[in-house]
Number of protein chains: 2
Amino acid sequence: MLHINLNRNQEESLAEQIYHELKESIFSGELKADEKLPSTRGLSEFLSVSRNVVMEAYEQLWAEGYLYAKEGSGTYVSDGICFERKETASPDKETQSDNLLFPSKRVNFRTGVPDLNTIPIKRWGQIYKTVTETLEGRSLDYQNSFGMHALRKQLSIYLKRVRGVSSRPENIMIVNGAAQAFSLLSRMVGKDEAVLVENPISQGIVYTLRNNGVIIKTIPVDENGIVTAALPEKPPKLIFTTPSHQFPTGVVLSIKRRIELIEYARKHNCLIVEDDYDSEFRYEGNPIQSLQNLDPERVIYVGTFSKILSPALRMGYLVLPECLVAEMQNEKYVADIHSPVLEQLTLAKFIEAGYLTQHIRKMKGIYLKRRNHLEACLKEKFGEDVSVTGTRSGMHLVAAFKSIVFDAELRKALNEKQIFVTTLGDYFLNDNVNSGQAKKAGDQALVLGYGNTDLKAIEEGIAGIAQVVRAAKGNIGN
Amino acid sequence: MLHINLNRNQEESLAEQIYHELKESIFSGELKADEKLPSTRGLSEFLSVSRNVVMEAYEQLWAEGYLYAKEGSGTYVSDGICFERKETASPDKETQSDNLLFPSKRVNFRTGVPDLNTIPIKRWGQIYKTVTETLEGRSLDYQNSFGMHALRKQLSIYLKRVRGVSSRPENIMIVNGAAQAFSLLSRMVGKDEAVLVENPISQGIVYTLRNNGVIIKTIPVDENGIVTAALPEKPPKLIFTTPSHQFPTGVVLSIKRRIELIEYARKHNCLIVEDDYDSEFRYEGNPIQSLQNLDPERVIYVGTFSKILSPALRMGYLVLPECLVAEMQNEKYVADIHSPVLEQLTLAKFIEAGYLTQHIRKMKGIYLKRRNHLEACLKEKFGEDVSVTGTRSGMHLVAAFKSIVFDAELRKALNEKQIFVTTLGDYFLNDNVNSGQAKKAGDQALVLGYGNTDLKAIEEGIAGIAQVVRAAKGNIGN
């Protein structure tokens with residue numbers, strides 16, 4: 001006989017409860033194949049529910065194939081449905097946090113993140129709303145994998161004016177942030193080919209390239225950028241570089257080296273990836289023109305709105321040499337067809353109305369104050385013991401200390417003080433003796449991001465570092 | 001001597017013009033390494049411009065390393081900068097079109113696209129604006145690769161209620177449409193492993209899987225869905241299936257087969273990918289519960305908002321078995337870190353406020369009318385010669401004709417009449433004798449999408465098909 005427990009106070013309707021109970025009885029084998037079920041009238045009387053309730057449950061089970069009906073005879077259990085149903089594993093951990101990637105500290109000198117509280121997000125929201133008010137139906141269909149023409153046109157004009165980038169809307173591809181650009185570019189690299197990256201380098205890029213199965217070779221950087229004399233005899237497929245503001249050292253690639261790099265690429269038929277991640281914020285002198293300007297057919301220009309607007313938007317772009325247009329269009333199609341449309345149209349209007357330029361100007365003022373304050377605090381606390389470089393643009397600088405090594409102990413003390421820093425050494429790939437030494441030497445320098453670190457936090461952070469350093473020296477003295 | 005042509009009516013400032021002319025002269029070798037430049041005073045008098053203009057140009061060239069200064073002596077051309085600069089290739093073609101993927105026809109029976117003119121996009125825009133008005137700064141930072149918790153929570157509730165999907169927010173991952181889900185899942189498949197797909201199948205999925213380097217094996221489909229008796233001895237890594245409404249045949253996978261499929265997956269330790277692309281629109285009977293409900297640890301559930309809202313949003317999701325959570329989080333991070341945040345928060349509010357359910361109900365009414373009209377038109381024009389299947393849910397159906405083969409000639413005629421259709425045969429992978437025959441037989445059936453085809457277009461389209469068919473038969477008769 002059937003065991004059906006009904007609970008009249010549950011959220012589930014009575015029909016749903018009967019449906020589930022019967023289904024479980026069939027799965028468990030309690031109700032066997034070809035067993036006859038009670039009539040709807042009989043079961044409804046037995047359970048004291050209306051006949052409609054039972055009929056609803058039977059119909060659903062019938063529709064899903066758990067039951068079958070014989071005309072004039074009744075309802076039977078289908079064959080082959082005795083089955084051990086699995087429930088979801090109970091949660092190991094419940095988490096509601098969205099920001100999982102970064103350490104949450106009192107003072108955070110993280111690099112590569114803009115001020116999150118001055119993003120003109122309300123204006124952005126207004127423009128987005130305006131976009132939806134005048135949108136044509138076909139803009140809500142699948143689109144070209146390159147992205148929306150309106151945005152690519154605005155970018156082409158903007159990049160020419162601000163970065164000297166030579167482009168047409170037709171070779172600008174909109175992607176989900178620079179990370180996707182690097183991921184798609186990885187797919188250009190064959191199994192036996194390598195890519196060449198600057199050493200030191202952003203950890204994120206290395207992670208992305210490695211996880212895309214790409215073989216990574218490194219080339220050192222000095223005060224003029226990539227050491228072109230060290231370019232390998234066997235050419236890589238792609239050369240990744242940050243010529244405007246090397247990450248993390250902050251040096252600028254000299255014009256002579258730029259030319260040598262491009263001539264190498266021409267001679268060996270390889271391509272250069274120019275990662276122009278934060279050159280919009282230049283404090284001294286005019287902006288240095290992009291490397292891409294020297295040879296648009298040898299340089300893939302990668303830009304992002306993560307640093308000038310917000311990383312949460314996941315908006316970036318590639319300016320592609322003609323030879324890569326078709327291949328990359330296919331790669332983007334395969335990855336996710338195209339990037340979301342409405343925010344592309346919003347960004348196009350945002351640029352066209354001059355809000356981007358206005359926001360960059362405003363942020364440049366804010367970041368310049370932070371940079372100056374950071375330099376002043378460092379000088380105040382460390383005097384001649386510190387030398388600061390890489391300050392002419394961007395949202396981070398390098399502070400090298402004469403006789404301080406940020407070893408495990410010092411880092412632990414900073415961590416306890418809730419101060420997040422990285423050392424220059426953290427960004428070195430340790431792939432040969434030289435880079436191993438450079439990595440070690442790099443632990444005497446801090447890479448201090450100030451994009452999302454306000455004046456008060458900067459002051460507090462540097463004072464905290466000074467305290468920790470002094471306490472450690474005191475220990476050594478003991 | 002220098003040749004500098006200034007044009008006072010150009011958009012470029014005079015300083016920029018001088019800068020560019022000098023740079024070109026250095027690149028071309030007209031100005032040689034270590035050659036002395038005229039003084040700023042001398043050049044300004046010669047060009048009849050203010051001295052500041054020349055100084056600005058010199059400073060920029062100096063900052064970029066084209067020139068160097070000797071104290072008390074003047075300004076010189078740097079060494080090693082004679083260089084053949086490349087311009088962008090002139091455009092092969094100029095295109096402003098965004099919608100490049102699909103043929104633009106008068107009557108379009110495309111599948112997989114919703115009605116683009118009834119999407120509540122203004123409401124969506126309002127909610128987005130509201131989201132930006134109350135946003136905290138940290139929501140604009142980089143986020144968890146799984147996506148925003150607020151949305152995952154809403155999805156978990158929605159999927160339980162509507163599809164019987166068993167999930168927690170912690171194993172729901174937000175991705176850029178189902179295409180990205182398939183792309184990320186491809187990366188789970190090892191070099192020597194294969195995936196099994198239904199035959200016939202969506203061309204888009206096959207394209208995505210193939211371009212991700214995955215080996216594809218096929219399994220036939222009959223009126224009860226995947227033919228489980230044909231499951232291979234050597235198990236695939238993943239089995240792709242559309243159990244609620246097989247694409248394109250429209251059949252529903254029977255409960256017996258569902259159980260057999262899951263037992264096969266359990267026995268052979270493989271995973272099933274349930275592509276639940278359009279089951280929200282069910283016209284007859286209650287919705288069939290998801291396959292995932294039978295075993296959440298064996299089934300990866302893939303959902304998309306491309307069919308119930310808009311493909312342009314690029315929003316989809318995966319419900320992952322516990323065993324894939326960490327690996328897929330890493331894959332999403334490597335692909336593009338996470339999906340855009342603001343539209344995720346918008347969708348969360350959209351679902352929570354009941355607008356999604358409301359929209360689905362509305363669209364179900366619209367699509368049901370279209371389906372009925374399409375069936376009626378087919379019956380009217382083709383009578384007993386047509387049989388229609390796969391109509392119980394979704395936005396397309398299959399119309400099989402007794403004695404009509406949609407061969408190249410017939411398709412050409414339809415094309416000329418500006419009517420876009422596909423045949424069932426178009427969706428067959430021709431990988432063995434049986435599927436080759438099925439493909440050929442499939443050219444007697446049309447797959448007619450009515451998601452974005454209004455009543456008038458449906459009528460016009462079927463009348464047009466009837467005309468073309470009759471004209472062709474007339475020809476045969478001649």
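The values are calculated or read from the model by the stated rules, or taken from the named source; none is laboratory data. Being a predicted model, the structure only gives us computed values, none of them experimental. Virtual Cβ from ideal backbone geometry, glycine too; neighbours counted across all protein chains shown. Just the protein is used for accessible areas: all its heavy atoms, side chains included, with ligands, DNA and RNA removed. Shrake-Rupley method; radii C 1.70, N 1.55, O 1.52, S 1.80 Å.
Miscellaneous remarks
- Considering residues of the range B:128-157 that are surrounded by fewer than 19 Cβ atoms within 10 Å (Cβ to Cβ) and more than 7 Å from every other protein chain (Cβ to nearest Cβ) only, the residue farthest from residue B:215 (Cα to Cα): B:134
- Near pairs, Cβ below 7 angstrom, 6+ apart or cross-chain, from the range B:342-356 (closer than 10 Å to residue A:312 by Cβ) to any residue that is assigned to a loop (DSSP other than H, G, I, E, B): B:344/B:147; B:344/B:148; B:345/B:148
- Condition check for residue B:168: farther than 18 Å from residue A:312 by Cα, open to solvent by 10 Å² or more (accessible area, probe 1.4 Å) and touching a Pro at 6+ places or on another chain (Cβ under 8 Å): yes
- Some residue of the range B:255-263 being open to solvent by 10 Å² or more (accessible area, probe 1.4 Å), in the same structural domain as residue B:322 (by TED's automatic domain parsing) and assigned to a loop (DSSP other than H, G, I, E, B): no
- Residues (closer than 28 Å to residue B:213 by Cβ and among the β-branched types (Val, Ile, Thr)) located in the range A:305-342: A:319, A:325, A:334, A:337
- Residue among A:255, A:272 that is within 13 Å of another protein chain (Cβ to nearest Cβ) and in contact with an Asp or Glu (Cβ under 6 Å, 6 or more places away or on another chain): A:255
- Considering (1) touching a Pro at 6+ places or on another chain (Cβ under 9 Å); (2) in a loop (DSSP other than H, G, I, E, B); (3) open to solvent by 10 Å² or more (accessible area, probe 1.4 Å), the lone condition that residue B:267 does not fulfil carries the number (2).
- Residue within the range A:370-383 that is within 27 Å of the chain's Cα centre (by Cα) and at pLDDT below 95 present: no
- Residue match in the range A:227-247 (condition: open to solvent by 40 Å² or more (accessible area, probe 1.4 Å) and in contact with a helix residue (DSSP H, G or I) (Cβ under 7 Å, 6 or more places away or on another chain)): yes
- The residue list B:451, B:442, B:436 contains one member that is under 17 Å from residue B:200 (Cα atoms), in contact (Cβ under 8 Å) with a residue 40 or more places away in the chain and small (Gly, Ala, Ser), which is B:442.
- Helices (runs of 4 or more DSSP H) contained entirely in the range A:294-409, each with at least 1 residues that are within 19 Å of residue A:448 (Cβ to Cβ) and either open to solvent by 10 Å² or more (accessible area, probe 1.4 Å) or within 11 Å of another protein chain (Cβ to nearest Cβ) (or both): A:355-382
- Meets criteria (open to solvent by 30 Å² or more (accessible area, probe 1.4 Å) and not in a helix (DSSP H, G or I)) for residue B:80: yes
- Of all residues making up the range A:275-286, the number that are within 12 Å of another protein chain (Cβ to nearest Cβ) and in contact with a helix residue (DSSP H, G or I) (Cβ under 7 Å, 6 or more places away or on another chain): 2
- Condition met for residue A:45 (more than 28 Å from residue B:223 (Cβ to Cβ) and at pLDDT 90 or above): yes
- Condition met for residue B:23 (open to solvent by 20 Å² or more (accessible area, probe 1.4 Å) and basic (Lys, Arg)): no
- Here the range B:417-468 is the region considered, the condition is being assigned to a helix (DSSP H, G or I), within 19 Å of residue B:375 (Cα to Cα) and out of contact with any strand residue (DSSP E or B) (no Cβ under 9 Å at 6 or more places or on another chain), and the residue that is least open to solvent (accessible area, probe 1.4 Å) is B:466.
- Residues in the range B:190-215 that are away from chain A (no Cβ under 12 Å), surrounded by fewer than 19 Cβ atoms within 10 Å (Cβ to Cβ) and within 26 Å of the chain's Cα centre (by Cα): B:190, B:193, B:194, B:203, B:215.
- Among the residues making up the range A:273-293, a single one is assigned to a strand (DSSP E or B) and more than 15 Å from residue A:317 (Cα to Cα): A:282.
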